[in-house]
Each structure stands twice: as C-alpha cells, then as structure tokens.
Amino acid sequence: MVDLTKTILVGVFGLAVGSFLNVCIYRLPLDESLVWPGSYCPRCRTSLRWYDNVPLFGYAMLRGRCRTCGVRISAMYPLIEAVTAVVFVAGYLLFGAQLLLMARLLFACAMIVLFVIDLQCRILPNIITLPGVLVGFAFSLFLPPGWLDSLIGIMAGGGILLLIAEAYYRVRKEEGLGMGDVKMLAMIGAFLGWKLMLVTLVLSSFMGSIMGLTVIALKKGDMKYALPFGTFLAVGALVSSVVGDAVLNWYLGFY
Ligand SMILES: [Zn+2]
C-alpha cells in the first residue's frame with residue numbers, strides 16, 4: 001500500500017532537487033560556483049528574492065519574467081523542476097525506500113543535467129561524468145548490478161563508443177561522437193551494469209535515428225545537426241533504469 005503522505009514528501013523533495021539541478025545546468029558550463037552567489041537574473045544581475053526560488057511557484061508568480069528588467073525566464077526552469085519531481089515519485093513507487101533508490105535517483109539527476117547541458121551547450125562536463133563512473137562503481141559494490149557487471153559496463157560502454165568514434169572519424173574525417181559521449185556511456189555502465197548499458201545504447205541509437213530521419217524528411221538540415229547524442233543517451237538511460245530489466249527479460253524470452 002502506497003503511503004500518500006510520503007509520496008507527496010518525495011515529490012516536494014524532488015521539486016527542491018530539481019531547483020538545484022537548474023543551478024547546475026546554468027552554472028556548470030560557465031564554470032561558476034554552485035553555492036555562491038545566490039540566484040540572480042542573467043541579464044540585469046538583480047538578485048532573486050528568496051520566494052522567487054520556490055520551485056514552480058516562483059516562476060508562476062513572476063509570470064516567467066524578471067521583476068526588474070522584464071527579460072523572459074526560460075520555461076526550462078519549471079519544466080526541470082516538474083520532471084525531477086515526477087522522476088523522484090516514480091523512482092520511489094518503483095524501488096521503495098531503499099538504498100538502490102538513492103543510487104538510481106542520483107543517477108537520474110545526473111542524466112537530467114547532462115540532457116539539458118548537452119542540448120543547450122553541446123558539452124557533457126567531465127565534472128559530472130568522471131566522478132559519475134566512480135560513484136556508480138562504488139554503489140555497485142553492494143547494490144545491483146554488482147561490481148563485476150558494473151566494471152564490464154564501464155569498460156564496454158566506454159570502449160564501444162570509443163571504437164565507433166574512432167571509426168566515424170576515420171571514415172568521415174570529422175568528429176561525430178565526442179569523448180564526452182564515451183565517458184557518459186562508461187558512467188551509465190557503472191551505474192546500470194553492462195546489460196542495461198547495452199539496452200541504453202540500443203534505445204538511444206534508435207531514438208537518434210528516428211530524430212535524424214525526421215529532420216531529413218522535414219528537410220531541416222543534415223542528420224548530424226539533429227541533436228547531440230548525449231541527450232539521447234540520457235533519455236535512453238533513464239528509460240532503461242526503469243524498464244530495462246523488463247525489456248531484457250522479454251527479449252531473452254524469460255517470460
Ligand atoms: Zn533582470
């Protein structure tokens with residue numbers, strides 16, 4: 001039986017974490033501190049009032065504009081807060097209050113941040129992916145998928161993309177995949193193990209191809225300009241961290 005009060009508390013906690021993820025998304029690519037100074041308008045630099053920082057409500061009360069200079073505030077902020085809250089509630093309902101929930105939520109937060117940063121800036125900061133590999137492996141010492149699956153996931157995840165990147169570079173004489181993607185898939189392998197890492201890779205490549213073909217069909221440009229691969233990896237990893245085991249079991253015919 002689901003405890004409604006706890007579920008709501010988890011959702012509210014998710015909103016607050018989402019608010020922090022916004023700070024990471026905005027400041028990590030700029031190499032700014034995550035804790036100081038407090039939030040301010042990126043155009044007029046006016047500090048926000050404490051109640052402007054209340055997730056969702058702050059944005060709603062400001063009607064999406066800076067109080068001082070009137071510049072439009074990106075709808076990405078409340079969206080990230082809402083998505084994070086939904087992910088937290090879904091994770092809580094799926095995994096229950098156990099240590100694996102903490103590992104998976106931490107992982108989900110990293111994927112959300114990488115998704116937006118890669119989408120907006122076309123980079124996947126090392127400061128997330130490299131510690132991510134270590135943290136994922138550390139969790140796997142005593143949690144699923146276990147240290148061996150995690151270690152193989154790191155090697156195979158990084159290795160596969162490194163080979164693809166190298167092959168692409170030799171054939172096309174230009175970079176298709178960056179080292180950021182390589183490190184990101186290694187991190188995914190560390191947290192989810194090599195099997196779900198492969199599910200992630202298949203899902204992401206599939207979504208990437210669909211998106212690429214759509215872009216070509218709409219004649220909006222070349223396939224490689226569609227979307228950065230890290231955004232697909234992030235979505236693929238989130239999906240497979242939730243339904244990956246079911247997909248694998250179905251595919252391997254265990255049902
Ligand atoms: Zn302003």
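The values are calculated or read from the model by the stated rules, or taken from the named source; none is laboratory data. What you see is a predicted model; the values in this text were computed from it and never measured. Neighbour counts are summed over all protein chains in view; Cβ atoms, including those assigned to glycine, are modelled from backbone coordinates with ideal geometry. Ligands, DNA and RNA are excluded from the accessible area calculation, which covers all protein heavy atoms including side chains. Shrake-Rupley method; radii C 1.70, N 1.55, O 1.52, S 1.80 Å.
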Exercise for the section: Counting only heavy atoms of the protein chains, get the accessible area per residue of the chain (1.4 Å probe) and round it to a whole Å² value. Expected result: 56 Å²
Exercise for the section: Please turn the phi angles of segment 238-251 into ³J(HN,Hα) values with the Karplus equation 6.51 cos²θ - 1.76 cosθ + 1.60 (θ = phi - 60°), one per residue in order, whole Hz, x for glycine and proline. Expected result: 5, 5, 6, 5, 9, 10, x, 4, 5, 4, 4, 4, 5, 5
Exercise for the section: Mind checking which of Val113, Thr46, Gln98 is farthest towards the positive end of segment 23-149's charge dipole, using Cβ charges of +1 (Lys, Arg) and -1 (Asp, Glu) about the Cα centre? Expected result: Thr46
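Counting Lys and Arg as +1 and Asp and Glu as -1, each charge on the Cβ, what is the dipole of the chain about the Cα centre in debye, to the nearest 20?
Working: 19 positive and 13 negative charges, 172 e Å.
Dipole of the chain, to the nearest 20 debye: 820 debye.
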Completion exercise
Charge dipole of the chain built from unit charges on the beta carbon (Lys, Arg +1; Asp, Glu -1), centred at mean Cα; most positive-end Cα among Cys24, Gly70, Leu143 is Gly70
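I need the shape label for the chain. Rule: rounded when a/c is under 1.5, else prolate if a/b > b/c, else oblate, with a, b, c from the alpha carbon gyration tensor. Before the final figure, lay out each step's value.
Numbers: a/c = 1.82, a/b = 1.24, b/c = 1.47.
Oblate shape, in that a/c is at least 1.5 and b/c is the bigger or equal ratio.
Taking all protein chains in place and a 1.4 Å probe, what share, in percent, of the accessible surface of segment 101-210 do carbon and sulfur account for?
Details: 3900 of 5170 Å².
Summing carbon and sulfur atoms, their accessible area is 75 percent of the total for segment 101-210.
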Exercise for the section: May I ask you to order 65-74, 135-144 by the average number of other C-beta atoms within 10 Å around their residues, highest value first? Expected result: 135-144, 65-74
Exercise for the section: Enumerate the calculated ³J(HN,Hα) couplings along segment 147-153 in order (Karplus 6.51 cos²θ - 1.76 cosθ + 1.60, θ = phi - 60°), each rounded to whole Hz, writing x wherever the residue is Gly or Pro. Expected result: 5, 5, 4, 5, 4, 5, x
Problem - Dipole of the chain, positive end: most advanced residue of Ser33, Leu196, Leu130 [Cβ charges, Cα centre] - result: Ser33
Exercise for the section: List the cysteines in the chain whose Cβ has no other cysteine Cβ under 4.7 Å from it. Expected result: Cys24, Cys109, Cys121
Handout entry: Amide H partners (placed H, <5 Å) of Leu227, local residues excluded
Key = none
Fill in the blank from the handout: Between Arg65 and residues 5 or more places away or on another chain, the pairs with built amide H atoms under 5 Å apart involve Ile73
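Just the number, please: carbon plus sulfur as a percent of the accessible area of segment 37-81, 1.4 Å probe, no ligands or DNA/RNA counted.
On the way: 1830 of 3000 Å².
Heavy-atom surface of segment 37-81 belonging to carbon and sulfur, 1.4 Å probe: 61 percent.
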